[in-house]
1. Looking only at the range 173-192, which residues are within 12 Å of the ligand (Cβ to nearest atom) and assigned to a loop (DSSP other than H, G, I, E, B)?
2. For residue 168, which of the numbered conditions (1) away from the ligand (no atom under 16 Å from the Cβ); (2) touching a residue at least 40 places away in the same chain (Cβ under 8 Å); (3) among the β-branched types (Val, Ile, Thr) fails to hold?
3. Of (1) more than 16 Å from the ligand (Cβ to nearest atom); (2) surrounded by 20 or more Cβ atoms within 10 Å (Cβ to Cβ); (3) under 16 Å from the mean Cα position of the chain (by Cα), residue 82 satisfies all except one. Which?
4. Restricted to the range 125-172, and to residues that are touching a helix residue (DSSP H, G or I) at 6+ places or on another chain (Cβ under 6 Å) and not in a loop (DSSP other than H, G, I, E, B), which residue is surrounded by the fewest Cβ atoms within 10 Å (Cβ to Cβ)?
5. Only residues that are in a helix (DSSP H, G or I) and of a type in the set (Gly, Ala, Ser): list them for the range 39-83, please.
6. Take residue 86 and decide whether it is outside the structural domain of residue 189 (by TED's automatic domain parsing) and part of a helix (DSSP H, G or I).
7. Can you name every residue in the range 181-213 that is among the hydroxyl-bearing types (Ser, Thr, Tyr) and closer than 20 Å to residue 154 by Cα?
8. All but one of (1) within 16 Å of the ligand (Cβ to nearest atom); (2) in a loop (DSSP other than H, G, I, E, B) hold for residue 203; state the number of the condition that does not hold.
Amino acid sequence: MPDTNLPLCIIGAGGFGREVLCLYIDICRQQGKEYKGTVIFAEEDAFWKERTIMDTPVLALSAIRNEPYRFVIAIGNPNVRRHIADTMPTSTRWATLIHPSAIMSDWVTLGTGSIICAGVILTCNISLGRHTHLNLNTTVGHDMTAGDFLTTAPGVAISGNCSFADNVYIGSNAAIREKTTVAGNVTIGMGAIVVKDIFEHGIYAGNPARKIS
Ligand SMILES: CC(C)(COP(=O)(O)OP(=O)(O)OC[C@H]1O[C@@H](n2cnc3c(N)ncnc32)[C@H](O)[C@@H]1OP(=O)(O)O)[C@@H](O)C(=O)NCCC(=O)NCCS
């Protein structure tokens, strides 16, 4: 059976998990496929409580991690996402979900396990790593590269020629100047205006963005 016909398991049944379920339903509708019965939620056992959310069962991750699903991790925090990805079996089939309204040229490469939400625009010559999350209406300019586990919140604007290491989180409506380098494990606050390279891990916010911790 081709991987794309396997049912989907969304790891994380919180707010973003529910949004990812809606994204998946939009993809199915666009393809004329029925989504019911083809998707479940899973949670790490320590957080799991048996229940149904939006008509979709929530299962313990340990019970299904070796089953023939395609998986995505719908958890915004890059470090939590990395932890879960690292503890899944090496044979895990990761799904990549791209909302039908996203605009991407043929000159974009996207790592496996990524989630691209509605209204995202990626122009050309862009390379994004594994388990990237681009939330609603994020825009990414030409020649941008990012490592693994990048998360953007809604409305982020990343200009051309930027270069990000792994585990970068960018809050809502932040803007990144062209040709900016961002180190790994950096959090950029909502509304930040980043005009200089960021070489050290930490939390940055404000206009112009400065380290706040
Ligand atoms: C930057 C951020 C990570 C800091 O969170 P935190 O470490 O819990 O920090 P605090 O809320 O304790 O704030 C610390 C200081 O920074 C200031 N600050 C916090 N966020 C700020 C922001 N985005 N811009 C400017 N200043 C900010 C606070 O006012 C506070 O200042 P003070 O010490 O003078 O009182 C968080 O505020 C943020 O912006 N997160 C992104 C939210 C988001 O985009 N969510 C989208 C969900 S889809």
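1. Our first condition is that a residue be within 12 Å of the ligand (Cβ to nearest atom); within the range 173-192, this holds for 173-174, 186-192.
Residues satisfying the conditions are 173, 174, 189, 190, 191, 192.
2. Exception for residue 168: condition (1).
3. Going through the list (1) more than 16 Å from the ligand (Cβ to nearest atom); (2) surrounded by 20 or more Cβ atoms within 10 Å (Cβ to Cβ); (3) under 16 Å from the mean Cα position of the chain (by Cα), residue 82 breaks only (2).
4. Within the range 125-172, the subset touching a helix residue (DSSP H, G or I) at 6+ places or on another chain (Cβ under 6 Å) is 131, 149, 151, 167, 169.
Pick out the ones that are also not in a loop (DSSP other than H, G, I, E, B) and you get 151, 169.
Working: 151: 24, 169: 21.
Ranking the candidates gives 169 first.
5. Of the range 39-83, the ones in a helix (DSSP H, G or I) are 61-64, 78-83.
Within the range 39-83, 62, 63 qualify.
6. Values: outside the structural domain of residue 189 (by TED's automatic domain parsing): yes; part of a helix (DSSP H, G or I): yes.
Spelling it out, residue 86 is indeed outside the structural domain of residue 189 (by TED's automatic domain parsing) and part of a helix (DSSP H, G or I).
7. Pass one, the range 181-213, residues among the hydroxyl-bearing types (Ser, Thr, Tyr): 181, 187, 204, 213.
Correct list: 187, 204.
8. (2)
The values are calculated or read from the model by the stated rules, or taken from the named source; none is laboratory data. Everything numeric here is computed off the predicted structure, so don't read it as measured data. Positions of Cβ are backbone-derived with ideal geometry, glycine not excepted, and every protein chain shown enters the neighbour counts.
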